[in-house]
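These notes concern the structure reproduced below.
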Amino acid sequence: MRKIRTTIIIVIGIFVVLSLGTTGLITLTTATTAIENETAHRLESIAQQKSAELETKLLIIESHVQSLNITAQSSFNALETTNESGAELLNNYIDTMQIFVLETIKSLPSSYSTYIVLDPSAVGQLADVVYIRTGEENFKWQKDLLTPEDLEVQTEDLDWWRLPILKKQGRWTDPYYDYFLEKKIITYSEPIIVNGKIIGVVGTDILFEDFENFIYKITVFETGYAFLMNSNHDILVHPILGDNINMRTMEDGLYVPISNRINLYKHGTLKYNFFGSDKIMGFSHLYNGWVIGIAPPLDEVNTILEDTRRSFIYTLLGGIGIFIILGSIIGKYISRPIEYLTQIVTSIGEGNLESPVDDHLIAQKSEIGILATTIDQMREQQKAVIEELRHHNDSLEDNILERTSELLTTNQKLENTITSLTSAQETIVEMREAEVLSDLIQHLTQKLSTPITTSMTAADFLLKKSEPSLVDIEQSALLISDNQLLLKNILDSLRQLTTDYTKESLRFIPLKAHIHHTIKNVLSEHLNTTLDITIDGDDQLLAYLPMDVATQLFSNLIHHSLRASKEFKSKEILIQLFEDDDGMHIKYNDIIPWQPNIEERIFNPYYEADFIKDSSGLELYLIRHIIAKGLQGSIIPFESANHHLGFHIIVPNNKQ
């Protein structure tokens, strides 16, 4: 038998493991979330900070070019007011602007060249001012650098000329290799617009290595790096991929979802896999559509978590060891008197009621003393009870036998009563079913008498007429045929009332296709019908139903609508199919107009609707009978969206 000391140690150990484990898991989970959130926030903040720094560089460049453009426009306007000829005007204009171009390139330390180029098609001849930086504070006016033919070439290195003219606004080009400078550069240029007419372009060339150095200097964690893309997500700067690569096309479009996510937000973070390495990226858009991304590996982010996990494991193991030692000492102290009392209780249980509990334990003020006192009192009481039981033992057996006999008699009476009640209940149910069936048969008999009498009258008319005309014969034959069809329908109704649906086997049927097939068969017997029936539902929807019962149900519904179609203009029927936890739902939107309170009487077999000629509630009673008995479902009338009568049929889902 396991000692209580062992149990105490085990309980304390389990408590320690659970408490430390739960605390550790909560701490690790919280730390993981906090570190991931902090990392994401940090990456996003760095991306925003660096994008703001780069935007500042770009905006400074743009502001100087815009200032030069304003000067170029105002100077040209001023010269146009003079009486100078075209060539003289352009020479004066170039002389005036070369000072401003020089001042602009001096104020832009990152500029390699600054220029004004006038469109020969706008001013009559090519005119330009191009200053090139030859040293930190040395500049050269580069004359005759371009020809009119150069401006007609459609190449990437002339985007500085074509894009601002095409877009009629300032534009940054993508990085390109300038063969004259023999360097990779990027250009910002604006159109010079005078009186609504573009007369040329003003711009500056920036060595792209300034942008590359800016991006390469951004580092996070140990191997994290930054990269730069344009608005089309072409890679402009990347320490691994280089340039001339588009994020949306590399790896056969593998990174298109990441590209789409970046396009959705101005800045943010996301996780992705880059050539087998899990990474987390912070990104931010610049005002011109460029994107700065900063991406360290997740392994480096998780290094802090690994240290936390190791510390937790060491703490857990140390705590378990300490508490096991403490549990052993505490358990020994607590269990010693309990073990003694256990021996006393065991002795009492074996019938030894003469050995009292130690007075030392009874004198204790703790729960041990209370327990010892209670056990000693229990020993005395048990001893007295045993003595009393010995005196009553002789009469007890007789009392038990007498009471047992009374209980058996009462039990037999209860069983007889239950049997009588069950029999009476079955009799009442059978009488009620017989009464209902008798009423229905009587009602159907009355309905049968009309077509039989009509058919006999038509036949007797033909027999008594000596020479019946073809018209008489045709009318009588039609009358007899209609009444025979009515007889057939009534007999079908009787058959449906008496059908034993419990013998029908269930099977999986494609519900939409089955309904469509049933409708087609029914309408083939009524070629002149104008009913337009639409089935709205999933083609793959399967129903686990008795097929013959389902066929009979939809046949009855269509026949009921066919009878009503003779009275109403509307010919459109909508059947909606869907499935949920309640079962299979069928909404049958009929052509019959909705009538107030019609739901209270429409299933009454004796109800005759005044808005349908020769109508009877028997048809709908049979439909409800088929649903309830054959499909164990329910049918509820409702008012459809076009204020027509509808039936909501719910059939249990028997797929399980």
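The values are calculated or read from the model by the stated rules, or taken from the named source; none is laboratory data. Everything quoted here is computed from the prediction, not taken from an experiment. With ideal geometry, Cβ positions are generated from the backbone for all residues, glycine too; neighbour counts draw on all protein chains shown.
A compact table of results
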read-out	value
Pair list, Cβ < 6 Å and 6+ apart or interchain, from region 236-255 residues that are not assigned by TED's automatic domain parsing to the domain that holds Y177 to residues that are of a type in the set (D, E) and not in a loop (DSSP other than H, G, I, E, B)	V237/E212; N246/D234
Residues (modelled with pLDDT of 90 or more and not in a strand (DSSP E or B)) located in region 529-545	G537, D538, D539, Q540, L541
Matching residues in region 371-388 - criterion: being of a type in the set (A, V, I, L, M) and surrounded by 13 or more Cβ atoms within 10 Å (Cβ to Cβ)	L371, A372, I375, M378
Yes/no for F568 being more than 26 Å from P652 (Cα to Cα), aromatic (F, W, Y) and touching a residue at least 12 places away in the same chain (Cβ under 8 Å)	yes
Condition check for N288: of a type outside the set (G, A, S), in a loop (DSSP other than H, G, I, E, B) and at pLDDT 85 or above	yes
Test: D582 is among the acidic types (D, E) and touching a helix residue (DSSP H, G or I) at 6+ places or on another chain (Cβ under 8 Å)	no
Top-ranked residue of region 220-230 - restricted to ones that are out of contact with any Phe, Trp or Tyr (no Cβ under 7 Å at 6 or more places or on another chain) and surrounded by fewer than 22 Cβ atoms within 10 Å (Cβ to Cβ), ranked as nearest to I46 (Cα to Cα)	V220
Residue match in region 217-231 (condition: β-branched (V, I, T), modelled with pLDDT of 90 or more and either touching a helix residue (DSSP H, G or I) at 6+ places or on another chain (Cβ under 9 Å) or within 30 Å of K167 (Cα to Cα) (or both))	yes
Whichever residue in region 271-301 is over 30 Å from the mean Cα position of the chain (by Cα) and without any contact (Cβ under 8 Å) to a residue 60 or more places away in the chain and, among such residues, is nearest to G253 (Cα to Cα)	G289
Search result, residues across region 125-173 that are loosely packed, with under 11 Cβ neighbours inside 10 Å and on the phi > 0 side of the Ramachandran plot	D144
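To keep it simple, each residue is scored yes or no on (1) in contact with a Phe, Trp or Tyr (Cβ under 7 Å, 6 or more places away or on another chain); (2) within 29 Å of K184 (Cα to Cα).
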position	(1), (2)
I240	no, yes
N244	no, yes
D252	no, yes
V256	no, yes
K266	no, yes
T269	no, no
N273	no, no
K279	yes, no
A295	yes, yes
